[in-house]
Amino acid sequence: MRRSNRIPHLSRAAVLASASAIALAVLLTLLLAGPAHASFWAPQHGGSPNADRIHTLYSIIMVIAVIIFVAVEGALFYALWKFRMRPGAKAEQLHGNTRLEIGWTAGAAAIVLVIGIVTFIMLPGIRNPDDSDADGWQIPASYQTAKDPGLLPPNGKSLNIDVNGQQYAWRFVYPDGDNDRQNNVTAYEEMVVPTGTTVTLDVRSSDVAHSWWIPKLGGKADALPGYTNHTWFKIPRGKEGVYTGNCAELCGRNHANMTARVRAITPEQFTQWLARQKAAIEAAGRGAQQYRAQQAQNDQRSQQGDASQPSGEPVPSPSTVPNDATSPAAQR
Amino acid sequence: MAVSTASTLTQTPIPQVVAHEVPRPTRNWVDWLTTTDHKKIGIMYLVLTFAFFGVGGVEALLIRLQLAVPDNTLLDFKTYNQLITMHGTTMVFLFVVPVMAGFGNYFVPLMIGARDMAFPKLNALSFWMLAAGGAVFYASIFFNPPECGWTCYVPLSSKDYLPNGGVDAWIFLVHLTGIGSLVGSVNFYVTIANMRAPGMTWSRLPLFCWTILTYSVLLILALPAIAAAVTLLLTDRHFGTNFYDPAEGGSPLLWQHLFWFFGHPEVYIMVLPGFGIISEVLPIFARKPIFGYKAIAASTLTIAFLGLMVWAHHMFTTPSPSVVLVFFMVSSMLISIPTGIKIFSWIGTLWRGTIVFRTPLLFAVGFLGTFLIGGITGVFLAIYPVDWQLHDTYFVVAHFHYVLMGGAVFAVFSGLYYWFPKMTGRMMDEKLGKISFWTMLIGFHTTFLVQHSIGLDGMPRRIPEYADVGHLGLYNLISTIGAFILGVGILVTAINALRSLKHGPVAGPDPWKANTLEWFTQSPPPKNNFDAVPRVRSVEPMKDIRAEIERRTNEPDPVSA
C-alpha cells in the first residue's frame, strides 16, 4: 500500500488556485500602477509643505513596511513550502528557543524605535507653520489673530482664516484685525487664498462634528462644536488653481456632498480680490443704510400724511443690493 | 498492528472513522430554551452570531453595490447611513465579539477539563441578553434604524439631529449585549481560575483559554466605559441633561473618549480569541508543539495591557494637546512589538514541522498572511501626522477589515472547521472547505487591498456617492467585485456546514490527533463532558495520553509473562 496517496499535501487544485491568486494580484497591481497614479501607493501631496512632509514620512515607513512584509511573508511561504507534509518527514519537537525569541523581540523594538525617531524628526515641520515666502502676499501687521503664538509661523505672520463647518457647507471668514466683525470678508463654499503665503486655519463647527480636509494641502482637522482646531498650509507660487476635498467626519445625510474648495491665486490677484470684497461689503452696507434711511422717511411720512396711503414704496431692498461677499454665486 | 498505529499517530492525522451512531441534537425546543449546558449555549451562540454575520454581510454587499460606480443612485442617503450603522454595529456587537464567546462557551470547559461553566444559569442569561440586544436593535428596521455610524458620535446622535428612536434602539443594544458580555466574562474568568483539571497549572493552560481569559478581563474593564457613555447619551436625549452639549457646558469630546476607551480594547477583544484559535490550530497541523508558549501567553497579556492605553489614537484629528497625541502615538506603536512576537512564534511553529494542508490550517495561514498586512498598516495609522491624512478614509476601512475580517473572521473559520467534528460528531467536507478558503482569500484581497488606494486617493469613509476623480471609479468597482467573490466563498462554507451536519463522515473523538483535552471525550461530548478527567502533566495532555496508551500496548503483559 502506498502511503503517500493518503498523505494530504498541496493538491494540484490548491497550487493552481494559489498561482492564479498571485497572477490576479500581480495583474491588478500592474493594471492599477500602470497609469502611474501616484496616490496608488502614497497619500496625495504637492500643494503644501506639510502635505509633502507627511508624504515623505509615509514613504519612509512604507519602505520599512515593505521590507518587513516581504521578509515575514517570505518566511511564512518558505516554511509552508519547505516543511509541507512528505512521506517519512518528521516534525522536530521543539518548544521554543529563548535566544531567538529575545532576538526578534529586540529586533521588533529596534524597528519601532527607528520609526519613532524618524517621526519625531519630521514632526515639527509638519505641525508648525512655515514663514510665508518673500514674494507671498504681504500680510498687514494687524492680521495676527491666532491667540497661541505656537500656532503661528516663526515670524508671527499668517493669513488666518476662520473655517466654520455647518451641515452641509463650510463658511470662511477672513478676519482683518480690527474689532468690527461685521466688515470681515466672508465666503461660502470656496476659500480664496494667495500663493506663497502661510494660511493658518481656525476650524470650528456650529452644529455637528465635521472634518476639514484637502488632501493635497496637508492633514485633517476635525471641526467639533465647542472647540477650535488648527491646521495650516502654504501653496507654493506657481501652483495656483483649485484644490478640493470632502468633509471626512460623518455629519448627516448629506455628508457626501459637503465638499471643500480652496482656490489659490497669486498675491497680486488676492490683493485685488480682497479689495473687491471689501468694496462690495461697503456697498452692501451703504445700500442697507440707504434702505433704512428710506424706511425711516417713509415711516415719518406715513405718520404725518394720510394713514390710508400704503407705505410700501419701491425702495431698494437689501436682497437686490449687489452683495458680492456673501453670495456664493458671485464668486465663481 | 500496534507499531503501524504508532507511526500514523505522528504522521497521518487522517480521521479514524469510528463507525458508531452520532447522537443527534435534541429537537425539543423547550430543552434548548431552558438549557444551562455550556455546549448547547455555545451552539446557540454560534448559530445566532453566524446568522447575524449573514445579515451583516448582506448589508455590506448592499453598501458595496451602492459604491460600485460613481454618482450611484441605488440607495438614498438615509438608507445608506442606516446600512453602514447596522453593518458596523452588527459585525462588532452581534458577530465578532459574541462568536468568540460562543467558541469560548463550548470549548473552555472542555479544554480545561471542567464539566460545565462555573455559573451555568448566568451563562444562559448572557446568551439571552445577546439575543434580546439583537432583537431590540433589529426591531428598529420597522421604524427608523440609527443613521450615525457604529460609533454614534455626538452631536449627530443627539436628539436635535436624530430625534427618532433608532439611536435609542442602538443604546439598548449596547446595554443588553454589554450586560450579557459582562456576565459571560465574569463566568469565563471564574471558570478558568477555579475549575481547571487536576495538574493543569497556569503554565499548562491551553493558549485559547489564555486568550479567552484576557478577552474577559478586557471586557470587564472596558464595558463600564461604554455603559456610562450610552447612559449619558440616553439622559441627554430624554431627561434634559447636557453631558455632550457644548452650548450648556458639555463636551462632544467626552463621548469620543468614553467610546474609544471601550472601543479600542474592543478590537483586541475581537482578535485575541482569534489569536488563541490560531495558536491551537497551527501546532496540530504542523505536528509540532507551539513555539514559545510562554512568549505567546505573555504577549497576549501585554497586548491587552497596552490595548487599554491607546484609545485616543482614534482621535488624532480632534483638537487635542500635542502631548496627548505623542503619548497615544508611542503607546500604539509599542503594540507592534508583542504582536510581532506572536507572528514570529507562529511561523516558528510551522518551521521544521510536517505541515498538513487541511482546511483549518489553510484558514489559519490565511489569517497569518492577511493579519500581517493589517498589523503593518496599523503602524501607519499610529503615527499621528500620517494619520492626519489617512484618518476616516478608506485606508482605515481597509486596515480594520484586514484586522477584523482577514484576522478575526479567518480565525473563526479556522476554528469552525477545526472544532466542527467535536461539536457535531461529523467532519466538514475538505473539498468544499478548500474551495471556500481560496474563494474567500481571493475575494477578500480583491475587496480590501485596493481600498488602501481608495483612501490614499482621498475618498472618505461613510459617503454614499463620490465623483469619478483619480481612479476612484475603477478602484471601487474592483472592490465591489471582490466583495461578491468573498460573499460566494462564505456561502460555500455555510453550505458545507449545513450539509456536513447530516452527510459528513463520522469523526470519532479525536480526528486531528490534537493535543488538548476536549479531544479526550466523545464527539459530540456527553452531557457531563468527561467520563473521567485525566490528570494533566504538560501543556499537551492528549499527547501524553496517546504516548501512555502506546507504552502500555507495547509493554509485555506482566500477568501472562
remark   = Relative contact order in percent for the range B:183-270 (Cα pairs under 8 Å, 6+ apart) equals 31
key: In order through the range B:456-462: 3J(HN,Hα) via Karplus (6.51 cos²θ - 1.76 cosθ + 1.60), integer Hz, x for Gly, Pro   = 5, 7, x, 8, x, 6, 6
inquiry  = If the only charges are +1 at each Lys and Arg Cβ and -1 at each Asp and Glu Cβ, what is the size of the charge dipole of the protein assembly as shown around the Cα centre, to the nearest 20 debye?
reply    = 3800
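FRET efficiency for A:Tyr291 and B:Ser322, Cβ-Cβ distance as r, R0 = 51 Å, nearest 0.05?
Working: r = 50 Å, r/R0 = 0.98.
Efficiency, rounded to the nearest 0.05: 0.55.
So for the range A:79-184, averaging the separation of alpha carbon pairs under 8 Å that are six or more residues apart and normalising by length, what relative contact order in percent results? Before the final figure, lay out the partial values.
Numbers: 68 pairs, mean separation 17.6, N = 106.
This gives 17 percent for the range A:79-184.
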request  = Considering the convex hull of the alpha carbon atoms of the protein assembly as shown, report its projected area averaged over all viewing directions, in nm², one decimal.
outcome  = 43.8
task = Mind listing the long-range amide H neighbours of B:Arg426? Cut-off is under 5 Å, sequence gap 5 or more, other chains count too, H placed in the peptide plane at 1.01 Å from N.
result = B:Ala507
request  = Determine the principal axes of the Cα atoms in chain B, then give the extent along each, sorted from largest to smallest and rounded to whole angstroms.
outcome  = 92, 48, 48
ask   = Using modelled backbone amide H atoms (1.01 Å from N, in-plane), which distant-in-sequence or interchain residues come within less than 5 Å of A:Ala223's amide H?
value = A:His210, A:Ser211, A:Trp212
query = From the residues B:Ala532, A:Tyr58, A:Pro267, which one has its Cα farthest along the dipole of the protein assembly as shown in the positive direction, the dipole being from +1 and -1 charges on Cβ of Lys/Arg and Asp/Glu about the Cα centre?
reply = B:Ala532
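If you average 1/r across every pair of different Cα atoms in the range A:174-260 and take the reciprocal, what Kirkwood value do you get, in Å? Walk me through the intermediate numbers first.
Numbers: mean 1/r = 0.0703 Å⁻¹.
Mean inverse Cα-Cα distance, inverted, gives 14.2 Å.
Roughly how big is the A-B contact, given as buried accessible area in Å² (both sides, 1.4 Å probe, nearest 100)? Walk me through the numbers on the way to the answer.
Details: alone 21130 and 22690 Å², together 35430 Å².
About 8400 Å² of accessible surface is lost on pairing.
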note = Here Rg/Rh (Cα, Kirkwood) for the range B:298-353 equals 1.17
key: Furthest towards positive pole of dipole, A:Asn128, A:Asn155, A:Ile102, structure part the range A:99-172, Cβ charges   = A:Ile102
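Roughly how big is the range B:35-94's charge dipole about its Cα centre, with Cβ charges of +1 (Lys, Arg) and -1 (Asp, Glu), in debye to the nearest 20? Mind showing how you got there, number by number?
Details: 4 positive and 4 negative charges, 45 e Å.
In debye, rounded to 20, the range B:35-94 gives about 220.
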query = In whole Hz, what ³J(HN,Hα) sequence does the range A:74-91 give by Karplus (6.51, -1.76, 1.60; θ = phi - 60°), x for Gly and Pro?
reply = x, 4, 4, 5, 4, 4, 5, 7, 5, 9, 5, 4, 9, x, x, 6, 10, 6
note = Residues whose built amide H sits under 5 Å from the amide H of B:Gly149, excluding neighbours closer than 5 in sequence, are B:Thr85
request  = Can you spot the lysines whose alpha carbon is less than 29 Å from B:Lys434's alpha carbon? Ignore those fewer than 8 places along the same chain.
outcome  = A:Lys82, A:Lys90, B:Lys39, B:Lys40, B:Lys288, B:Lys342, B:Lys422, B:Lys502, B:Lys513, B:Lys543
message = With Kirkwood's inverse mean 1/r over C-alpha pairs for Rh, give me the Rg to Rh ratio of the range B:84-199, two decimals please.
response = 1.11
ask   = What lysines sit close enough to B:Lys78 to cross-link, taking a C-alpha to C-alpha distance under 26 Å and skipping anything fewer than 8 places away on the same chain?
value = A:Lys220, B:Lys159
inquiry  = For the protein assembly as shown, what does the accessible surface come to per residue with a 1.4 Å probe? Please give it in Å².
reply    = 40
remark   = In whole percent, the fraction of accessible protein surface over the range B:109-153 that belongs to carbon or sulfur atoms, probe radius 1.4 Å, stands at 76
query = Got a sec? Charge dipole of the range B:75-185, +1 on Cβ for Lys and Arg, -1 for Asp and Glu; which of B:Leu182, B:Pro146, B:Leu156 is way out at the positive end?
reply = B:Leu182
task = Take peptide B:322-328, look around each residue's Cβ out to 10 angstrom, count Cβ atoms belonging to other protein chains, and average those counts.
result = 1
Estimated [θ] at 222 nm from DSSP helical runs (n ≥ 4, -39500 (n - 2.57)) normalised by residues in the protein assembly as shown, nearest 500 = -19000 deg cm²/dmol
remark   = For chain B, longest principal axis from Cα atoms; helix B:2-11 axis from its Cα atoms; angle between them, nearest 10 degrees, is 20
message = Rounding to the nearest 10 and keeping the result within 0 to 90°, find how far the Cα-based axis of helix B:166-194 lies from the longest principal axis of chain B.
response = 30
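Counting pairs of alpha carbon atoms under 8 Å apart in space and at least six apart in sequence, what relative contact order in percent does chain B give? Write down the numbers at each step before the final one.
Working: 912 pairs, mean separation 104.5, N = 561.
Relative contact order comes out at 19 percent.
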note = Relative to chain B, whose Cα atoms define the longest principal axis, helix B:120-139 and its Cα axis are tilted in degrees, nearest 10, by 40
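The values are calculated or read from the model by the stated rules, or taken from the named source; none is laboratory data. Quick caveat: nothing in here was measured; it's all calculated off a predicted structure. FYI the Cβ positions are ideal-geometry reconstructions off the backbone, even for glycines, and counts take in every protein chain you see. For accessibility, only protein heavy atoms count, side chains too; no ligands or nucleic acids. Shrake-Rupley method; radii C 1.70, N 1.55, O 1.52, S 1.80 Å.
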